[in-house]
4 protein chains.
Amino acid sequence: MHVIVDLMLIPLGTGVSLSPYVAACERTLTAAGLKPVLHANGTNVEGDWDAVFAAVRRCHEVVHQMGAPRISTLIKVGTRTDRPQTMQDKVESVLKQLAAEA
Amino acid sequence: MHVIVDLMLIPLGTGVSLSPYVAACERTLTAAGLKPVLHANGTNVEGDWDAVFAAVRRCHEVVHQMGAPRISTLIKVGTRTDRPQTMQDKVESVLKQLAAEA
Amino acid sequence: MHVIVDLMLIPLGTGVSLSPYVAACERTLTAAGLKPVLHANGTNVEGDWDAVFAAVRRCHEVVHQMGAPRISTLIKVGTRTDRPQTMQDKVESVLKQLAAEA
Amino acid sequence: MHVIVDLMLIPLGTGVSLSPYVAACERTLTAAGLKPVLHANGTNVEGDWDAVFAAVRRCHEVVHQMGAPRISTLIKVGTRTDRPQTMQDKVESVLKQLAAEA
């Protein structure tokens, strides 16, 4: 099952600077063979359900190992059975709408 | 790794009534040996990471089998390594604060 | 416009114990005339859009005043124009499904 | 109060194609003087708290007017008092970490 995910991982008890932990998760996702797309409020990633969620679990393990005693993560998950769809497809379908209306 | 999750599953392309799908996911979580706690904006569940996420994947499979061509799910995930904590602990710690301040 | 909201407020840079801040937000919502319903992964609240979001903003102000230099909040927002619906309605519609299927 | 938001608006009861509604919200945000940044799982926007949330409310009004009887929206909200930070700052701080570690 193909899944499109938005991942926002927040380490708690580590101060206000989250970027080292976010970067560690980016590297973890990439090491898992995924192609994370960073944005201002999270990271988008897509792939096989089990591969994506195994990498998300690995992010929690890595960030805890970095010293974060607590992690709060938000995951948006999208699946569909009517047709294949990539992250790029989702963005382009909206841009096409905006262009058509312009 | 123990995880506390808030799950909100939204089937798309199925009309405005979501309760049959939410109920199916509740039963799926229970069938997986978990104890889902329903609330007005989702369902809280806790347990071993792999058991919880396998049940979430199963919810997607079941809701697609019910005819939903597309599903958008939101998952809040909490893990901590400093001490064990249950869903009940989280609620009680806030209620204790409110009582102390009253 | 009536809105049903799930609010999860996470102060950053304040240590791992979030309950004092969550409790402060609960009191802020109550002081605004709302009836927050606490659960293990957030707080559900409903009411007029402007009243609810003014209270959410006030929660950010209060938690910053308590010393949190950074706040990350997640808000689930639900509105509908087809019929009135309360938080209790949402829970009952799912419980009714579960009872019917039992 | 400056706020950085990730907005994901899901119309319900309108079929599986969400792009016309997402595009309408993009135009609504732009018409409000904001600069939405679309990504595969939502739209990032930043600005004054009241201006941003007024535009989010307007998105709900517009999407309901387009015929969506029900809307479920997810809003990630970030505020900080320790220093000013833009959406671009957030992305660059992570990219800097990744470059340093490379």
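Label-point distances for A:Ala31 to the equivalent site in the other copies, using a point 7 angstrom along Cα→C-beta, read 3.7, 4.6, 4.8 nm when ranked shortest first.
Summarise the accessible area of the protein assembly as shown (1.4 Å probe, protein heavy atoms) by the percent that is carbon and sulfur.
Values: 8970 of 15940 Å².
In the protein assembly as shown, the share of accessible area belonging to carbon and sulfur is 56 percent.
Per DSSP helix of 4 or more residues, -39500 (n - 2.57); summed, then divided by the residues of chain A. What does that give at 222 nm, rounded to the nearest 500? Could the numbers behind the result be given before it?
On the way: 3 runs with 45 residues, N = 102.
Computed ellipticity for chain A at 222 nm equals -14500 deg cm²/dmol.
For the full complex of protein chains and a 1.4 angstrom probe, list D:His64, A:His2 by accessible area with the highest value first.
Numbers: D:His64 25, A:His2 90 Å².
Correct descending sequence by accessible area is A:His2, D:His64.
Taking Cα atoms only, the orientation of helix B:49-65 departs from the longest principal axis of chain B by about 30 degrees. Principal-axis analysis of the Cα atoms of chain C puts helix C:19-31 at an angle of about 60° to the longest axis. Rounded to the nearest 20, the size of the Cβ-charge dipole of the protein assembly as shown about its Cα centre is 0 debye, with Lys and Arg at +1 and Asp and Glu at -1. Along the charge dipole of chain D, pointing to its positive end and built from +1/-1 on Cβ of Lys, Arg, Asp and Glu, which listed residue (D:Gly67, D:Thr79, D:Ser19) has its Cα farthest out? Going by the Cα projections, it comes out as D:Gly67.
Percentage of Cα-Cα pair distances in the protein assembly as shown greater than 29 Å, rounded to whole percent? Numbers along the way, then the final one.
On the way: 33200 of 83028 pairs.
Of all Cα-Cα pairs in the protein assembly as shown, 40 percent lie more than 29 Å apart.
Summed over both chains, the accessible area lost when C and B associate is about 2500 Å², using a 1.4 Å probe.
The radius of gyration of the Cα set in chain A, together with its Dmax, comes out at 15.3, 49 angstrom.
Over chain C, average the accessible area per residue using a 1.4 Å probe and give it in Å², no decimals.
39
Distance distribution note for the stretch A:36-88: the fraction of Cα pairs above 18 angstrom is 41%.
For B:Lys90, the lysines whose Cα falls under 18 Å of its own Cα, not counting residues fewer than eight places away in the same chain, are B:Lys35, B:Lys76.
Once you average over the residues of A:22-34, how many Cβ atoms of partner chains fall within 10 Å of each Cβ?
Working: counts 6, 9, 3, 1, 5, 4, 0, 0, 1, 0, 0, 0, 0.
The shielding value for this peptide is 2.
The values are calculated or read from the model by the stated rules, or taken from the named source; none is laboratory data. Predicted model, so just to flag it, every value in this text is computed and none were measured. Reconstructed Cβ throughout: ideal geometry from the backbone, glycine too, with neighbour counts over all protein chains shown. Quick note on the areas: whole protein, heavy atoms, side chains included, nothing else; ligands and nucleic acids left out. Shrake-Rupley method; radii C 1.70, N 1.55, O 1.52, S 1.80 Å.
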